[in-house]
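J.: Okay, here's the structure, questions in a sec.
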Amino acid sequence: MNDSVDPREAALRRLPTSYSLALRLREAGVEPELMCEYLGIEPEALAPLLDIAEAKLACALRPDGSAETAWELE
């Protein structure tokens, strides 16, 4: 059995829960209003949260697998 996880999934698992969940919900096609309910945020906060989540995911996907600074993933 192969226990390897694809790089994107591994990176998502390293993100803080709210960012990982936001990206997973969007990928699953969940409506924004429901995403906000799940995440416990106001609708105005969804787009900025997703922007930050995408940036953190990009850091986690760097070829060396490390963020340049700790705040990039926290």
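J.: Condition first: of a type in the set (Gly, Ala, Ser) and within 24 Å of ARG62 (Cβ to Cβ). Now tell me which residues in region 1-46 satisfy that.
T.: Scanning region 1-46 gives SER4, ALA10, ALA11, SER18, SER20, ALA22.
J.: So which residues in region 51-71 are in a helix (DSSP H, G or I) and modelled with pLDDT of 85 or more? Reasoning before the result, please.
T.: Narrowing region 51-71 to residues in a helix (DSSP H, G or I): 51-60, 70-71.
Residues satisfying the conditions are ASP51, ILE52, ALA53, GLU54, ALA55, LYS56, LEU57, ALA58, CYS59, ALA60.
J.: Ok, one more. For the subset of region 1-38 comprising residues that are modelled with pLDDT of 95 or more, among the charged types (D, E, K, R) and assigned to a helix (DSSP H, G or I), which member is least open to solvent (accessible area, probe 1.4 Å)?
T.: Only one residue tops the list, namely ARG24.
J.: Which residues, counting only those in region 39-50, are part of a loop (DSSP other than H, G, I, E, B), loosely packed, with under 11 Cβ neighbours inside 10 Å and within 16 Å of the chain's Cα centre (by Cα)?
T.: Across region 39-50, the qualifying residue is only GLY40.
The values are calculated or read from the model by the stated rules, or taken from the named source; none is laboratory data. Computed from a predicted structure; not experimentally measured. Ideal geometry is used to build each Cβ from the backbone, glycine not excepted, and the neighbour counts take in all protein chains shown. Accessible surface is based on the protein model in full, side chains and every heavy atom, while ligands, DNA and RNA are left aside. Shrake-Rupley method; radii C 1.70, N 1.55, O 1.52, S 1.80 Å.
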